[in-house]
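Structure first, then comments.
Just so it is clear, none of the values below were taken in a lab; they were calculated from the coordinates. All values reported here derive from a predicted model rather than from experimental measurement. With ideal geometry, Cβ positions are generated from the backbone for all residues, glycine too; neighbour counts draw on all protein chains shown.
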């Protein structure tokens, strides 16, 4: 079974530039999550999708972050404009369970460095 | 919302000894508590989880205990091996605005000394 795919693995940009990350979840997983993991900290939920609908985006900085999952499968996370404090690993995860009480399958992550 | 704290932040153990990591949570409505292991540069992976209607769960060398009264749960690793060296994240799921949100702790670095 293929795992969660993410790209790019690494990205270096200057502040105020924009960046986009892509995620392809495990086939059949309706729930998709984007987490931000700053060095030395635990993953922090940015947004949760159920199929192509947003379930929870209360911790997403909406003035600069946006995410979509148009066809209920792949998802993109965009940051525009980036700030220094956005440097982190952006983890995508998917789950068969819809209520956050089941296993999350994480991708390898996209490491962002903002200079 | 849920707030999850982990102690100690770093734990060093001799190979073969046991390691225990404790997590406390704030929301008494929390009902699901997983533990994820993240090796250096790799993705977090679920190693064990427990639900609020169970007090203890064991899987080979790994066990998790839950104390709902004190609002804490602990990960126990017995007969530690070098491959157990990693960061371990506890998490808790609590209802929020009609949905469940999974909140992670900051992680515990476990170092197994050969």
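Just the Cα atoms of chain A, one point each, no solvent: what log10 I(q)/I(0) does Debye give at q = 0.20, 0.23 Å⁻¹? Treating every Cα as an identical point scatterer, log10 I(q)/I(0) equals -1.04, -1.35. Modelled label positions at residue A:7 and residue A:84, each set 7 Å beyond Cα in the direction of Cβ, lie 3.3 nm from each other. Measuring between their Cα centroids, segment A:20-55 and segment A:87-106 lie 6 Å from each other.
Using a Gaussian network model on chain A with a 10 Å cutoff between Cα atoms, which of A:31, A:101, A:76 fluctuates the most? Taking springs between Cα atoms under 10 Å, the residue moving most is A:101.
Working from Cα pairs under 8 Å separated by at least six residues, relative contact order for chain A is 37 percent. If you plug the beta carbon distance of residue B:113 and residue B:7 into 1/(1 + (r/R0)^6) with R0 = 30 Å, you get a FRET efficiency near 0.90.
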